[in-house]
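S.K.: The structure's right below; bear with me while I get my questions together.
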Amino acid sequence: MKKKLKLLLAICLINSVALAQVPSKLTIDEAIRIAVEKNFDVEIERNAQEIGAINNHWGTAGVFPNVSASSTVSIASNNLEQQLTNGTTIKRNGAILRNLNAGLAVSWRVFDGMRMFATKRRLEELEKIGELSFRSQVNTTVFNVIAAYYQIVQLNQQKKALQATIKFFEERKQIAESRFTIGTAPKTDFLQAEVDLNQQKGNLLAVENSIRIAKADFNNLLARNPETAFDVMDIIEPDASLTYAALVQKAQTDNYDLLLAQSNLSVLVQQKREVISQRLPSVTLNGNFNLAQSRNDAGFTLFNRNLGPNGNVGIAIPIFQGGNIRRQERVADINIKNQEVIIDRLKNQVYTNLLNAYSNFQNALNLVKLEKSTLALIEENNLIATERFRKLAITSLELRQVQIDYINGQTRYINSLYMAKLAEAEMKLLAGDLNKL
């Protein structure tokens with residue numbers, strides 16, 4: 001009974017270890033979630049967004065008064081000698097003089113030509129730019145995750161295709177070796193079959209290495225240890241329901257490059273208003289509450305104290321600044337005009353890129369259908385050719401060409417699937433829709 005129990009525990013331990021060594025399946029949605037939470041570039045943009053939110057405050061715009069307190073204490077030792085008009089002489093060495101000054105000052109610019117309001121609106125736009133930059137980085141990161149994820153899927157499919165192909169090459173080698181052994185075929189057929197088999201094994205090693213590198217890069221995107229083991233879902237399914245009209249409409253309102261450019265235009269408009277405000281007068285209220293006190297061991301005044309408030313209103317009227325304000329205004333107008341041109345250029349570029357991506361997507365979908373049907377024909381042809389080679393109906397060179405066609409057909413089909421998925425992701429990137437996956 002004890003032996004059976006030990007055996008059962010050993011089996012359970014082996015199974016648990018085996019399960020622990022099996023890499024977990026990582027879905028594309030889970031990968032995107034991890035990247036949005038932990039990607040280094042996303043985290044940097046998230047912090048920049050927070051800075052913009054902190055700076056968007058009326059205090060930064062200059063609306064609130066400035067309040068400061070100051071205090072000074074000084075001590076001096078003086079040698080005093082005084083002769084008065086009545087003939088009295090005062091002479092004293094080491095007389096101590098103590099001075100105390102303290103004050104509370106308030107300065108409040110209550111009007112500055114509306115500059116503070118223009119500054120506040122500019123800060124609001126800067127906060128919006130920070131938010132848009134963060135969302136744009138999320139959008140870009142999601143695109144990179146999709147591209148890297150399906151690249152691993154593509155490589156995995158290539159690996160499986162090569163493993164299946166190698167079996168055909170091994171069968172060809174065995175047939176060629178048997179025919180050479182019994183003297184019905186030259187040795188060159190056998191040698192060529194072995195060379196071709198080794199080439200495919202070398203290709204398999206290269207693909208396996210590419211998978212390791214792609215997985216390390218993918219882990220870096222997710223801000224994980226590059227050695228983290230995982231598997232991907234081995235399927236690529238392009239979304240054939242996407243329409244160009246819907247993507248264009250969405251790009252007009254959600255493309256992050258366009259949104260950022262429009263916010264930058266708003267910032268330039270507010271900067272111009274800040275420049276114009278310098279033409280108007282400014283009004284500042286100043287208030288102070290001061291304490292001045294002195295003690296002297298000798299002299300006419302032994303103790304003196306002044307305590308009380310005072311205030312004033314300051315009005316500054318700009319009259320002439322050498323034409324600087326006018327020059328700044330002209331520069332601001334040019335910057336605004338230039339930004340409008342940038343927006344128009346960007347719109348045209350977005351629509352061009354979107355049209356090209358959609359064309360690539362449709363072409364890739366057509367290639368997927370074509371290569372899938374072609375691959376089925378090649379697979380059937382490969383089986384027939386192998387059997388004919390076994391029956392001495394075709395030469396080794398003819399079978400080799402059929403097998404090469406089979407490899408190329410698999411590669412084209414896998415690549416067309418990946419290109420379709422990549423074009424789909426690019427379209428959604430341009431439409432600003434990837435971060436909603």
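S.K.: So if I take the centroid of the Cα atoms in region 250-313 and the same for region 76-147, what is the distance between those two points in Å?
M.R.: 9
S.K.: For an R0 of 56 angstrom, estimate the FRET efficiency from the Cβ-Cβ distance between Glu340 and Thr374 and round to the nearest 0.05. Each step should come with its number before you reach the end.
M.R.: Working: r = 50 Å, r/R0 = 0.90.
For R0 = 56 Å, the calculated efficiency reads 0.65.
S.K.: Per residue of region 318-325, what does 6.51 cos²θ - 1.76 cosθ + 1.60 with θ = phi - 60° give for ³J(HN,Hα)? Whole Hz please, x for Gly and Pro, Karplus curve as stated.
M.R.: So the Karplus estimates, Gly and Pro as x, are x, 10, 8, 10, x, x, 5, 5 Hz.
S.K.: In nanometres, what is the gap between the two model label sites at Thr88 and Ser107, each 7 Å from Cα along Cα-to-Cβ?
M.R.: Inter-label distance under the simple model: 4.5 nm.
S.K.: If each DSSP helix of 4+ residues adds -39,500 (n - 2.57) and the sum is divided by the residues in the chain, what number results at 222 nm, nearest 500 deg cm²/dmol? Each step should come with its number before you reach the end.
M.R.: Values: 10 runs with 288 residues, N = 437.
When only DSSP H runs of four or more count, the value is -23500 deg cm²/dmol.
S.K.: Could you work out how far apart the two model spin labels at Arg295 and Ala206 are, taking each label as a point 7 Å from the Cα in the direction of the beta carbon, and quote it in nm?
M.R.: Those two pseudo-labels are separated by 9.4 nm.
S.K.: Follow-up. So for region 73-123, Kirkwood radius off the Cα pairs, Stokes-Einstein at 20 °C and 1.002 mPa s: how many µm² s⁻¹?
M.R.: Details: Rh = 16.5 Å.
It comes out at roughly 130 µm²/s.
S.K.: Over 10 Å intervals from 0, what percent of Cα-Cα pairs in region 38-104 sits in each interval?
M.R.: The distribution over region 38-104 is 14, 17, 16, 14, 11, 11, 9, 6, 2, given as percents.
S.K.: If you don't mind, there's one more thing I want to ask. I want the antiparallel fraction of DSSP beta bridges within the chain, as a percent rounded to 5.
M.R.: Working: 45 of 48 bridges.
Restricted to the chain, the bridges split so that about 95 percent are antiparallel.
Bear in mind that the values in this text are calculations on the coordinates, not laboratory data. Predicted model only: the values in this text are computed from it and were never measured. Glycine gets a Cβ as well: all are built from the backbone with ideal geometry, and neighbour counts include every protein chain shown.
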